[in-house]
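Everything below concerns the one structure shown next.
The values are calculated or read from the model by the stated rules, or taken from the named source; none is laboratory data. Just so we're clear, the structure is a prediction, and the values are computed from it rather than from any experiment. Glycine gets a Cβ as well: all are built from the backbone with ideal geometry, and neighbour counts include every protein chain shown. Each accessible area value is taken on the protein alone, full model and side chains, heavy atoms only, with ligands, DNA and RNA left out. Shrake-Rupley method; radii C 1.70, N 1.55, O 1.52, S 1.80 Å.
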There are 2 protein chains.
Amino acid sequence: MATTQPSSVDRPPTIHDIAALCGVAASTVSRALSTPDRVNIRTRLRIEAAAAELRYIPNNQAKALSSGRTGAVGVLVPDITNPFYFDLIRGTQLQLKAAGYTQLLVDTEESDEVEASTMEQLRKSADGIIVAASRLSDEALLAAAAKMPMVTMNRDVSGVPAVLIDTPSATSQGLDHLISLGHTRIAYMAGPVTSQSSTRRWTTLADAAEERGVEVRKLGPFAPKTQSGAAAADAAVHSGVTACIVFNDLIAIGMLQRLRERGIRVPEDMSILGCDDIFGADFCNPPLTTIASPIEQAGRVAVSMLLAQLNPLQGGPSRRLAVMPTHLTIRGSTGPARVP
Amino acid sequence: MATTQPSSVDRPPTIHDIAALCGVAASTVSRALSTPDRVNIRTRLRIEAAAAELRYIPNNQAKALSSGRTGAVGVLVPDITNPFYFDLIRGTQLQLKAAGYTQLLVDTEESDEVEASTMEQLRKSADGIIVAASRLSDEALLAAAAKMPMVTMNRDVSGVPAVLIDTPSATSQGLDHLISLGHTRIAYMAGPVTSQSSTRRWTTLADAAEERGVEVRKLGPFAPKTQSGAAAADAAVHSGVTACIVFNDLIAIGMLQRLRERGIRVPEDMSILGCDDIFGADFCNPPLTTIASPIEQAGRVAVSMLLAQLNPLQGGPSRRLAVMPTHLTIRGSTGPARVP
DNA sequence: CGAATAATGACAACCGGTTGCCAAGCCTTG
DNA sequence: CAAGGCTTGGCAACCGGTTGTCATTATTCG
């Protein structure tokens with residue numbers, strides 16, 4: 001009979017239903033739920049009780065539209081299937097959830113275009129974004145950061161808050177490790193040219209090599225996938241080096257497989273030193289000597305920095321830069337240089 | 001001077017800006033952009049040109065609020081860091097993006113409560129959900145499926161569309177493999193009790209074992225993490241079996257590590273047969289014999305089934321069930337039974 | 001050439017909240 | 001007891017689109 005039934009309707013309850021039930025205005029309900037102090041304690045309790053009874057769940061879309069705040073944070077990674085990002089994603093997810101935010105995860109497929117258009121999309125649907133290993137130019141990143149709160153990871157652009165994982169310094173530590181094992185012919189297997197991590201690492205490594213009077217040659221670039229390991233392995237063998245410092249563990253693991261196929265023993269004939277300590281680095285064959293990074297922690301820090309930007313009230317001034325320490329983890333893939 | 005400037009404002013353009021620029025009503029712009037046929041071709045072109053000029057990007061929140069369609073699909077996985085789900089996530093992401101949908105990825109942390117509350121949340125912010133390896137009860141799942149379009153993965157509840165990965169049948173194939181290698185004392189290392197996959201697999205396995213006249217005992221349950229592998233390995237050794245069929249590769253890899261620590265050789269002293277063929281299964285030591293699953297493909301199929309529900313117009317009737325075939329991949333972790 | 005029909009676009013309500021503004025009510029204080 | 005201040009809650013506009021209704025115009029047909 002009734003055109004509208006207060007509680008038995010299938011449609012999810014709204015603040016209007018609560019308002020009707022309590023005999024107050026919808027705006028009062030809104031205030032009771034979002035700014036409890038602005039409302040009389042008794043009214044508030046009544047409203048809260050009604051909300052609970054109706055199993056009210058606020059509509060995020062509507063909230064976002066009217067308030068401008070979405071309660072969501074975009075997380076952009078170049079490749080979801082790269083284990084490196086697993087821990088990162090978990091770190092951001094945990095920290096965001098703890099702060100009451102939702103994570104919008106997007107795989108940008110290593111493409112600057114996808115990355116740019118995603119950012120444009122997210123401008124309306126997220127309060128801020130975390131961009132891991134951006135493939136964008138400095139200018140593009142800076143422009144994007146001007147439009148919405150942003151934190152980059154492993155990408156340092158002046159003016160954009162960033163979390164950096166300090167692999168460069170551990171890389172020279174890795175170089176020392178190899179030198180102390182007697183290696184003199186060493187290669188750096190480079191990652192994508194657009195990867196600032198790879199560039200930074202190579203620069204540090206080249207400097208360190210010069211200081212120590214050893215020669216390190218750069219091979220590559222190689223795509224950050226295990227499949228690229230075959231090409232990397234072949235290049236390394238062909239170049240006559242006895243040890244490789246590899247852009248990341250994914251390529252390093254691929255190299256391990258290829259070298260095994262070719263009958264080249266690791267570490268007897270060739271030492272391999274990876275980077276990141278991803279899932280799998282400890283149980284591959286042989287277990288990978290690598291530069292361990294606090295990836296999950298880095299994700300959390302990135303979220304903290306972003307949230308500091310979003311809510312400037314609480315907490316001190318937001319940091320511009322966070323540098324995460326790394327350390328060399330020695331396993332079985334590095335050993336004494338073969339005597340020629 | 002002017003309180004409102006048509007195009008130089010920093011605020012993103014809306015359909016109203018376009019309408020003003022073209023001298024038409026906002027509703028016409030809306031129609032031109034979403035139902036092009038309902039609008040004169042010349043007006044449409046003018047509007048499209050204006051939209052391009054203004055770099056107009058529709059506001060998803062507003063779209064969702066007014067139309068009820070969000071253009072987003074929730075994907076719920078129990079554990080983001082489990083490599084099994086990487087490929088799944090990638091599969092769903094690719095297929096969703098191809099269909100113009102956004103993926104909302106949520107890690108439910110193996111918790112039925114988180115899962116339930118997430119579903120409730122998503123009811124407003126997503127058009128449908130894909131639930132992998134749900135921890136919910138049949139009733140809860142069915143109730144949730146009644147409220148919004150849903151596809152489950154590796155979880156068969158009558159009335160809810162599902163994608164199943166047919167590991168049970170490959171499991172008996174795996175059993176045959178072990179029997180042919182001379183194993184007679186075999187264990188099944190079970191996964192979580194709430195996992196239907198594990199239960200189904202065990203049922204099939206027990207039947208197959210009886211048929212073939214061998215004894216397979218069930219050990220566990222074990223959490224689907226590499227760390228659980230240690231307990232699993234110890235349990236296997238203690239029980240005196242010579243071969244293990246393991247719930248998943250994660251546990252199997254953990255067992256491999258533990259057995260190595262304890263000086264038990266694989267496959268000479270103990271054969272290990274995993275499940276899923278996750279990242280790492282091919283390069284662990286020894287490489288894992290496992291039941292390979294088309295995980296990414298399963299993700300795509302799940303999306304297709306969900307989209308068929310969402311847009312019943314195009315395409316035939318939506319399937320209730322999809323069963324993905326699997327196959328046994330033999331690597332180095334299984335071998336002839338040790339002669340006592 | 002007039003009428004029927006279809007195509008087109010404007011108007012306005014609506015989705016579910018948020019928020020500025022204002023009035024009423026309460027209490028405190030002189 | 002009156003004046004002033006603060007608390008409280010209602011009204012209504014607004015966020016940016018979608019969509020049903022309807023008037024106008026263009027087109028086609030008899």
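In table form, for the structure just shown:
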{"read-out": "Accessible solvent surface per residue of segment B:167-293, calculated while the other protein chains remain in place, 1.4 angstrom probe, Å²", "value": "36 Å²"}
{"read-out": "Shielding by partners - mean other protein chain Cβ count within 10 Å, residues of A:122-131", "value": "2"}
{"read-out": "Distance from segment B:108-157 to segment A:76-138 (C-alpha centre basis), Å", "value": "24 Å"}
{"read-out": "Separation in nanometres of the label points that stand 7 Å from Cα toward Cβ, at A:ALA99 and B:HIS327", "value": "4.8 nm"}
{"read-out": "Neighbouring partner chain Cβ atoms per residue of B:52-59, average, 10 Å criterion", "value": "2"}
{"read-out": "At 7 Å out from Cα toward Cβ: A:THR329 inter-copy label distances (nm, ascending)", "value": "2.4"}
{"read-out": "Shape metrics for the protein assembly as shown, restricted to C-alpha atoms - Rg then Dmax, Å", "value": "28.1, 95"}
{"read-out": "Amide H contacts under 5 Å for B:GLY128, placed H, 5+ residues apart", "value": "B:GLY74"}
{"read-out": "Whole-angstrom Cα spans of segment B:15-58 along principal axes, big to small", "value": "22, 17, 16"}
{"read-out": "B/A buried area, accessible surface, summed, 1.4 Å probe, Å²", "value": "3900 Å²"}
{"read-out": "Isotropic mean projected area of the C-alpha convex hull, segment B:167-293 (nm²)", "value": "6.5 nm²"}
{"read-out": "Given charges at beta-carbon only (K, R positive; D, E negative), |dipole| of segment B:167-293 in Debye", "value": "300 debye"}
{"read-out": "Shortest-first nm distances, A:LEU142 label point to equivalent points in other copies (7 Å, Cα→Cβ)", "value": "6.2"}
{"read-out": "Of A:GLY23, A:GLY263, A:GLY174, the one that fluctuates the most in a GNM where chain A has Cα springs shorter than 10 Å", "value": "A:GLY23"}
{"read-out": "Relative contact order of chain A, defined on C-alpha pairs under 8 angstrom at six or more residues apart (%)", "value": "16 percent"}
{"read-out": "Full-extension gain in nm, B:ILE264 to B:ARG319, via 0.36 nm per residue minus C-alpha separation", "value": "15.1 nm"}
{"read-out": "Candidates B:TYR188, B:TYR85, B:TYR56, ranked by Gaussian network fluctuation over chain B, Cα under 10 Å, top entry", "value": "B:TYR56"}
{"read-out": "Beta bridges per DSSP with both ends in the protein assembly as shown, % antiparallel, nearest 5", "value": "10 percent"}
{"read-out": "Sites matching trypsin sites (Lys or Arg not before Pro) across segment A:31-119 that sit in DSSP coil, with at most 16 neighbouring C-beta atoms within 10 Å", "value": "A:ARG55, A:ARG69"}
{"read-out": "Cα-derived Rg to Rh of chain B, Kirkwood definition", "value": "1.15"}
{"read-out": "Shortest-first nm distances, A:SER34 label point to equivalent points in other copies (7 Å, Cα→Cβ)", "value": "2.3"}
{"read-out": "Under 12 Å from the B:ARG55 label point (7 Å along Cα→beta-carbon), backbone N, segment A:113-138", "value": "A:117, A:120-121"}
{"read-out": "Accessible area (Å², 1.4 Å probe, nearest 10) - B:LEU54", "value": "30 Å²"}
{"read-out": "Nearest-10 value in Å² for the accessible area of A:THR184, using the 1.4 Å probe", "value": "80 Å²"}
